[in-house]
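The values are calculated or read from the model by the stated rules, or taken from the named source; none is laboratory data. Since the model is a prediction, treat every value here as computed from it, not as a measurement. Glycine also receives a Cβ, built like all others from the backbone with ideal geometry; neighbour counts cover every protein chain displayed.
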Amino acid sequence: MFLSMNNVHKSFTNNDKTELVLSDIQLDVKEGEFVSILGPSGCGKSTLLSIVAGLAHATEGSIELEGKTIKGPCKERGMVFQQAALFPWLTVEENVMFPLLPDMSKKEAQQKAHQYLQMVQLGAYTKHSPHEISGGMQQRVAIARALAMDPALLLMDEPFGALDEQTRSRLHEIVEKIFLETKKTILFVTHSIAESLKLSDRIVVMGTQPGTILEVIELNFPRPRSQSKEELLYYEEKIQALLKSEIDKVTEKEQNHAASR
Amino acid sequence: MQPAVKRVIFYVLLFGIWQVAVYLFDVSPALLPAPTDIFVSLYEGFSNLTLVYDLVASFRRLFIGLAIALVLGLLLGVLLAKSKTADETLGSLILALQSVPSIVWLPLAIMWFGLNEMAVIFIVVLGATIVMTINVRTGIINVPPLFIKAAKTMNYRGFRLFSKVTIPASIPYAVTGMRLAWAFAWRALMAGELLSTGPGLGYSLRFASDFGDMSRVIAIMLLIMLIGIIVDLLFFQRIEKKVLRKWGLAT
């Protein structure tokens, strides 16, 4: 299997209290697959992605990519965060060159940066500073930067959560196009049902307290998904029903917490 | 009305009233000389080059002291930001020293280095290093963790991560630190020269005071003030603004 997560557990210890965040996560991802991880806030979906990225470590269990156990961050796993995380002291182009420079000449890196900036339709903004372009454009630069490393796996952690509706749907198109063109394996964390339905081959629905996989939903209909409205509606209701009890659980915990104060 | 116009009117009035008051009440020049006397003294000081020599001497010490302070402050700031133990021990001492005006070290400095330039430079270094250290430390501690995470996914770690991400990300704080270090150094230098030895602006001020030449005293005070303002406005504030704009922190 391309990417496999085996019995991943993760717990945090805070003030001598241990809280289980992820419990027994078991998931396999095929090469070239677009998999969304969908769940309410606090279900540990971002934590799971951080573990895949190598930025956090599993308390128990392991994750393997192409047969190798993940131990730390590496260029083979590019990551796009919720905030673009561009370096303000570098231009757009220099930001995309940043991961390339240690391994290739400046000229080659620049060429490659331009190629990927064109892919996200930002070829005209190479010399701009990050703060001179909009949030959606910044996120596109971040995508270009992750792609420029030519990672085997692209990790996206709610990359469009902070953007407005129009910008988001434009970025969905760009991501879908990139996915079809580059055939990258993408692991995409989101809390938006619509977003996951639009983009994924499979949706991993996660429950909370502790974070577990509730169900994995396979979406076998053609792209663009706007053609198959009825099927989408069916799945949307199904996922909503799955998540309803989870959200009730969170609300109940909040109320208990409020009552105990 | 433009702020600049308001300012000109204000200063003309200030000096005008001062001039008239000194004239009307026949104030002794040993107490408060008239503005015209001060300007004459300033002109004389520049035409016979004594003030120019003082300026050169003062600036020489300032640059030596400030250069040492900036390098030292940078190194100490990095140390405090990177080592928790150093921060908890040495850091507390540096914070405590911040509340002590550096000039109080002069008696000790004179014992250690003698009544010479070294003692004054020591005071300047002490005054400027602490504020630089604190700013560099704050800058490094406040580097957004997201930058570090992002860089790690791009294979940056260790010294390369530090030099390519941590250092540039903390430059806005370091620049503010430099600006404050200059201000502290300038004040410390004047105090040091006033109480130790010359040549220098501070020393000439005391020399004039010993001879009761108050118009020279005020002329030098004006000069100290003007240099302080000009260097800050024309140099440090400009750099600071440029950096903040480039880093997207100010519009």
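Of the numbered conditions (1) more than 14 Å from chain B (Cβ to nearest Cβ); (2) free of Cβ contacts under 8 Å to residues at least 24 places away in the same chain, residue A:137 fails exactly one; give the number of that condition.
All conditions are met except number (1).
Quick one: residue A:165 ticks every box in (1) without any contact (Cβ under 8 Å) to a residue 24 or more places away in the chain; (2) closer than 24 Å to residue A:76 by Cβ; (3) of a type in the set (Asp, Glu) bar one, so which box is it?
The single condition residue A:165 does not satisfy is (2).
Tell me, which residue of segment A:1-48 that is closer than 24 Å to residue A:195 by Cα and basic (Lys, Arg) is surrounded by the fewest Cβ atoms within 10 Å (Cβ to Cβ)?
A:30
If you take just the strands (runs of 3 or more DSSP E) that sit entirely in segment A:165-231, which of them hold at least 3 residues that are under 16 Å from the mean Cα position of the chain (by Cα)?
Of the strands (runs of 3 or more DSSP E) lying wholly inside segment A:165-231, those with at least 3 residues that are under 16 Å from the mean Cα position of the chain (by Cα) span A:185-190, A:202-207.
Can you tell me how many residues within segment B:195-247 are over 21 Å from the mean Cα position of the chain (by Cα) and in a helix (DSSP H, G or I)?
9
Where residues in segment B:21-41 are buried (at least 19 other Cβ atoms within 10 Å of the Cβ) and within 27 Å of the chain's Cα centre (by Cα), which of them is nearest to residue B:117 (Cα to Cα)?
Selected residue: B:41.
Looking at segment B:175-218 only, could you name the residues that are touching a helix residue (DSSP H, G or I) at 6+ places or on another chain (Cβ under 9 Å), among the small types (Gly, Ala, Ser) and either more than 30 Å from residue A:88 (Cβ to Cβ) or surrounded by fewer than 23 Cβ atoms within 10 Å (Cβ to Cβ) (or both)?
B:183, B:188, B:191, B:192, B:196, B:198, B:200, B:202, B:204, B:208, B:209, B:215
For residue B:185, work out the one condition from (1) touching an Asp or Glu at 6+ places or on another chain (Cβ under 7 Å); (2) hydrophobic (A, V, I, L, M, F, W, C); (3) more than 14 Å from chain A (Cβ to nearest Cβ) it doesn't fulfil.
Checking residue B:185 against (1) touching an Asp or Glu at 6+ places or on another chain (Cβ under 7 Å); (2) hydrophobic (A, V, I, L, M, F, W, C); (3) more than 14 Å from chain A (Cβ to nearest Cβ), the one that fails is (1).
For segment A:196-210, give me the residue count where each residue is surrounded by 22 or more Cβ atoms within 10 Å (Cβ to Cβ) and out of contact with any helix residue (DSSP H, G or I) (no Cβ under 7 Å at 6 or more places or on another chain).
Residues in segment A:196-210 being surrounded by 22 or more Cβ atoms within 10 Å (Cβ to Cβ) and out of contact with any helix residue (DSSP H, G or I) (no Cβ under 7 Å at 6 or more places or on another chain): 3 in total.
Taking into account only those residues within segment A:75-96 that are over 28 Å from residue B:172 (Cα atoms) and surrounded by fewer than 20 Cβ atoms within 10 Å (Cβ to Cβ), which is farthest from the other protein chains (Cβ to nearest Cβ)?
A:76
Considering segment A:116-170 alone, what residues qualify as being crowded, with 21+ Cβ neighbours inside 10 Å and among the β-branched types (Val, Ile, Thr)?
A:120, A:141, A:143
Six or more apart or on different chains, Cβ under 6 Å: which pairs go from a residue in segment B:203-216 that's at pLDDT below 90 to one that's not β-branched (Val, Ile, Thr)? Could you list them?
So the pair list comes out as B:212/B:30.
Scanning for something within 19 Å of residue B:93 (Cα to Cα) and modelled with pLDDT of 90 or more, does segment B:159-182 turn up at least one residue?
Looking for residues that are within 19 Å of residue B:93 (Cα to Cα) and modelled with pLDDT of 90 or more, one finds at least one in segment B:159-182, hence yes.
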